[in-house]
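A.B. asks: My questions will all concern the structure given below.
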Amino acid sequence: MARQHMHPYSDGAEVLRAHGLHKVYAMGDEEVRAVDGIDLSVKRGEFISILGPSGSGKSTLLQLLGLLDKPSAGKIFIDGKDSDGMGENERAEARRRKIGFVFQSFNLIGTLDVYENVAVPLMLEEVPEDERREKTVKILSRMGLSERLAHYPNQLSGGQMQRVAIARALVLNPEIILADEPTGNLDSASGLEVMKILRELHEAGKTVIVITHDTNIARNADKIIYIKDGKIERTEVLA
Amino acid sequence: MMKARDVFTYGTHSLAHSQLRTWLTILGIVIGISAVIVLVSIGQGLNQSVQEQLSQFGTSTIIVVPVNLQAGSGFRGPNGATSGILTTNDVELIRKIADVDMVSPTLSQRAVVDFKGKNITASVSGIEPSVYQQVFSEIVVGDGRYLSDSDVGAVVLGNDMAATGFGKNEVKVNNRVDINGKPFRVVGILKKTGNVFASVDSGMFMTYTDAKDLFSDRLLNKEVNSIVVKAKDGSNVDEVADEIKVALRNKRGEREGEEDFGLVTPSFINSTVGSITSLLTVFLGAIAAISLIVGGVGIMNTMFMAVVERTREIGTLKAIGAKRDEILAIFLVESGIIGLIGGVIGVVLSIAVLLAAEQLGAPVYISPFVIAGAFLISFLIGMVSGFVPSWNASKVSPLEALRYE
Ligand SMILES: Nc1ncnc2c1ncn2[C@@H]1O[C@H](COP(=O)(O)OP(=O)(O)O)[C@@H](O)[C@H]1O
Ligand SMILES: [Mg+2]
């Protein structure tokens, strides 16, 4: 299996870097050190799994990397740019253009149909109507959802909903896909399908980071990062 | 920033899936907007019909009355009175003023009138027929003839007085009526004027001479109840009125502002009645506006609840890259649309109500300005009411997308 390091898009450039990352939550008098000193470098085209027990700080780490939250200490560089220097609008734009977020519970918007859900990022990006239609239809057909454009989320299965969510994350063609337990709410068949899609994205050159606590799923990646108590316990590079 | 059209589309999608609560909120705005439009339109209709009726009062007519019209309730003249007596001497004095074309004394008294055994109390006016008809254009004969200056024992009846004044028995030309016990012949019946101010329709008219005889026991020697003046064509009516005022004041030895008489002029009527009806419109509008404000509070409440319920949706939008401004715009517009839907329904409803009211004879004036204003105001009320909730929405953290996972 030579694909991991040999595919054409991997130029070895660093797309994400965390440096001395800390996130401390105050819980009454107590402090929870959810992320407690993490250094991490993610290269373009890498496929990384983050594995660790519940409460170990995986989600917190991904939220920091995805610019959803700010660290208590430490730095995050996205495409070499220090996120400390980015204002609220710039962070929003980076989330829109550079990062595609996939949630455990899909987070589709219930009042919009499948087509409209996927078109939301294009709408935010002011993409013209024609191009919007073309891109939305294309990504949905790639997700095998061409027959479901006018369906509402509550008319879909869990697997279908997650594929819509992935389509939404991909529609602006971001460099990085961040997925927090994307298979956590799915049956095993749908879970496998979602993992297959993530692997295909990786093969097409995307940088993919997936949180999971399922070792079998983690094994799809190039690299597994084991997290415990907010720290990287060890990193396993898969051959 | 998102395109305005997309912001609208997003808002309409949310509303299309909205709950009963939203529709009740819209109902609040419907009621408020309808109330404003209906009341303002009726106020304006009233204003317009008043203006129309007042325009029948000739532009060169002045009526002198024995009451100071400017005096407030607390004011008393040198003799302790704001009302006095007008006499035929005053008539002659006015006749000498250069720009006065015609002048005529008028008597108006209430009298007991008997027709075919039915007694009523009615207002009877003694006029100089030739002058009166030239001054008041609404005096038009429907049946029979008008009074002539030399008539004796003749009356002309207003339309309502003839038709319904004596119950079942309609008065016809050549019938006899007894006024304070004296017989009079009805020579004519006037056309209906519809003018509620001049009370021509419910009046009775006879010559000044006849009235003077009839009411001699009630009037002082030479007393008249009012004096009708017509200014010469091309003269300035207000200036003529001032001249009359000065002449009467000098004769009485009164100081300015302490007159015991008053002048009704076209500009006096316009300003007085105009200001009353505008005030009425504003007052009606203000009452209605309160219900609109209540409607706005309803929108605010609904939007606060919507923002709380949709925290996760807002967090998701933020997580996939929406900016604060965009969230603010989405919720402001959504709230504006709630107002606008209420406005549209309210406009349709109030036009229906107003058309029905018009059928029933209410004076109604539907101004396109009011309708356009209603649309704008309803949208603005929505936006203003939704501002604080929308501001809250814009502050929601993208982390809300992941909470409770
Ligand atoms: N918003 C928060 N406030 C307080 N504590 C939090 C918050 N989010 C997470 N934590 C705590 O931080 C720790 C790490 O949580 P999380 O990153 O969700 O772990 P994981 O995703 O690995 O299960 C946990 O102890 C959790 O209770
Ligand atoms: Mg987690």
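A.B. asks: Considering only segment B:289-312, I want to know if a residue exists there that is surrounded by 21 or more Cβ atoms within 10 Å (Cβ to Cβ), under 29 Å from the mean Cα position of the chain (by Cα) and outside any helix (DSSP H, G or I).
C.D. replies: no
A.B. asks: Which residue out of B:L15, B:L86, B:L46, B:L69 is touching a Pro at 6+ places or on another chain (Cβ under 6 Å), at pLDDT below 90 and among the hydrophobic types (A, V, I, L, M, F, W, C)?
C.D. replies: Details: B:L15 fails: touching a Pro at 6+ places or on another chain (Cβ under 6 Å); B:L86 fails: at pLDDT below 90; B:L69 fails: touching a Pro at 6+ places or on another chain (Cβ under 6 Å).
Exactly one of B:L15, B:L86, B:L46, B:L69 is touching a Pro at 6+ places or on another chain (Cβ under 6 Å), at pLDDT below 90 and among the hydrophobic types (A, V, I, L, M, F, W, C), namely B:L46.
A.B. asks: What are the residues in segment A:152-172 that are away from every other protein chain (no Cβ under 14 Å) and in a loop (DSSP other than H, G, I, E, B), if any?
C.D. replies: Correct list: A:L156, A:S157.
A.B. asks: Would you mind stating whether A:E93 is more than 7 Å from every other protein chain (Cβ to nearest Cβ), of a type in the set (D, E) and surrounded by fewer than 20 Cβ atoms within 10 Å (Cβ to Cβ)?
C.D. replies: Working: more than 7 Å from every other protein chain (Cβ to nearest Cβ): no; of a type in the set (D, E): yes; surrounded by fewer than 20 Cβ atoms within 10 Å (Cβ to Cβ): yes.
So A:E93 does not fit the description; no.
A.B. asks: In segment A:42-65, is there at least one residue being within 16 Å of ligand 1 (Cβ to nearest atom), in contact with a Ser or Thr (Cβ under 7 Å, 6 or more places away or on another chain), more than 18 Å from B:L399 (Cβ to Cβ) and more than 13 Å from every other protein chain (Cβ to nearest Cβ)? Spell out how you get there, then give the answer.
C.D. replies: Our first condition is that a residue be within 16 Å of ligand 1 (Cβ to nearest atom); within segment A:42-65, this holds for A:48-65.
When the remaining residues are screened for being in contact with a Ser or Thr (Cβ under 7 Å, 6 or more places away or on another chain), the result is A:49, A:51.
From what is left, the residues that are more than 18 Å from B:L399 (Cβ to Cβ) are A:49, A:51.
Pick out the ones that are also more than 13 Å from every other protein chain (Cβ to nearest Cβ) and you get A:49, A:51.
Yes, because at least one residue in segment A:42-65 is within 16 Å of ligand 1 (Cβ to nearest atom), in contact with a Ser or Thr (Cβ under 7 Å, 6 or more places away or on another chain), more than 18 Å from B:L399 (Cβ to Cβ) and more than 13 Å from every other protein chain (Cβ to nearest Cβ).
A.B. asks: Is it fair to say B:V333 is touching a helix residue (DSSP H, G or I) at 6+ places or on another chain (Cβ under 7 Å) and either assigned to a helix (DSSP H, G or I) or not small (G, A, S) (or both)?
C.D. replies: On the way: touching a helix residue (DSSP H, G or I) at 6+ places or on another chain (Cβ under 7 Å): yes; either assigned to a helix (DSSP H, G or I) or not small (G, A, S) (or both): yes.
The answer is yes for B:V333.
A.B. asks: Specify the residue that is nearest to A:V171 (Cα to Cα); the eligible residues are those in segment A:114-149 that are in a loop (DSSP other than H, G, I, E, B) and at the interface with chain B (Cβ under 9 Å from one of its Cβ atoms). Steps first, please.
C.D. replies: Taking segment A:114-149 as the starting set, the residues that turn out to be in a loop (DSSP other than H, G, I, E, B) are A:125-128, A:143-145, A:149.
Restricting the remaining residues to those that are at the interface with chain B (Cβ under 9 Å from one of its Cβ atoms) gives A:125-126.
Working: A:E125: 11, A:E126: 13 Å.
Restricting to residues being in a loop (DSSP other than H, G, I, E, B) and at the interface with chain B (Cβ under 9 Å from one of its Cβ atoms), the top hit is A:E125.
The values are calculated or read from the model by the stated rules, or taken from the named source; none is laboratory data. Quick caveat, the model's predicted, so the values are computed rather than measured. Every residue, glycine as well, gets a Cβ built from its backbone with ideal geometry; the counts of neighbours run over all protein chains shown.
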